[in-house]
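S.K.: Before I ask anything, here is the structure I am working with.
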Amino acid sequence: MEEKYKLVYKRLEAMVSMEHDLIANMANVAALLHETFGWWWTGFYRVDGESLVLGPFQGPMACTRIPFGRGVCGTAWERRETIIVPDVEQFPGHIACSSLSRSEIVVPIFKDDAVVGVLDIDSKELSAFDQTDAIWLEKIVALL
Ligand code: SME
């Protein structure tokens with residue numbers, strides 16, 4: 001796990017040093033994470049006024065807008081912190097874009113101390129994410 005994250009981080013660090021476009025970089029972050037770890041859904045939502053709007057992702061079609069404070073994504077935005085959900089059925093207000101998602105991690109992305117988006121990853125397995133994922137994914141989104 002750590003080894004995979006180290007390699008992914010190195011590749012993404014090199015990529016963002018050569019490209020400044022946020023959408024292009026988000027697209028490749030989603031692609032590389034998804035391919036490396038084989039998750040069910042890996043992607044971004046960007047802050048757009050009072051809601052999050054769907055950004056680059058890999059996986060099945062997803063909800064396009066999530067209001068501030070709603071679902072796991074909107075809650076991570078409101079709390080300004082990473083949220084790990086071992087069982088989505090136990091998270092009040094979880095938004096089920098796909099009924100196959102069982103666990104989830106959402107990592108906020110900061111620019112000048114404001115949340116500008118979130119990285120949302122869903123797994124078909126229960127308890128797929130832990131603190132190791134949180135630490136590495138926070139490092140990865142900080143590259144953006
Ligand atoms: N489950 C998320 C919604 C986004 S989709 O899973 C891609 C949530 O509750 O925020």
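S.K.: Exactly one condition in (1) within 18 Å of residue 116 (Cβ to Cβ); (2) within 15 Å of the chain's Cα centre (by Cα) is not met by residue 41; state its number.
M.R.: (1)
S.K.: Conditions: (1) within 12 Å of the ligand (Cβ to nearest atom); (2) in contact (Cβ under 8 Å) with a residue 24 or more places away in the chain. Residue 83 meets all but one. Number of the miss?
M.R.: (2)
S.K.: Looking at 65, 70, 46, 11, which is the one that is more than 9 Å from the ligand (Cβ to nearest atom), of a type in the set (Lys, Arg) and in contact (Cβ under 8 Å) with a residue 24 or more places away in the chain?
M.R.: Going through 65, 70, 46, 11 in turn, just one is more than 9 Å from the ligand (Cβ to nearest atom), of a type in the set (Lys, Arg) and in contact (Cβ under 8 Å) with a residue 24 or more places away in the chain: 46.
S.K.: Among the residues of region 75-87, is there at least one that is small (Gly, Ala, Ser) and farther than 19 Å from residue 131 by Cα?
M.R.: No: region 75-87 contains no residue that is small (Gly, Ala, Ser) and farther than 19 Å from residue 131 by Cα.
S.K.: Of these, 108, 92, which one is under 21 Å from residue 63 (Cα atoms), surrounded by fewer than 18 Cβ atoms within 10 Å (Cβ to Cβ) and within 14 Å of the ligand (Cβ to nearest atom)? Break it down into steps so the answer makes sense when it comes.
M.R.: On the way: 108 fails: surrounded by fewer than 18 Cβ atoms within 10 Å (Cβ to Cβ).
Every option except 92 fails the conditions.
Residue by residue, here is whether (1) modelled with pLDDT of 95 or more; (2) part of a helix (DSSP H, G or I) holds:
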{"position": "74", "(1), (2)": "yes, yes"}
{"position": "81", "(1), (2)": "yes, no"}
{"position": "84", "(1), (2)": "yes, no"}
{"position": "96", "(1), (2)": "no, no"}
{"position": "101", "(1), (2)": "no, no"}
{"position": "107", "(1), (2)": "yes, no"}
{"position": "116", "(1), (2)": "yes, no"}
{"position": "121", "(1), (2)": "yes, no"}
{"position": "125", "(1), (2)": "yes, no"}
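S.K.: Output the residue which, of all residues in region 71-88 that are surrounded by 18 or more Cβ atoms within 10 Å (Cβ to Cβ) and not aliphatic (A, V, I, L, M), is nearest to residue 136 (Cα to Cα).
M.R.: 82
The values are calculated or read from the model by the stated rules, or taken from the named source; none is laboratory data. These figures come from a predicted structure and were not determined experimentally. Positions of Cβ are generated from backbone atoms using ideal geometry, with glycine treated the same way; all protein chains shown enter the neighbour counts.
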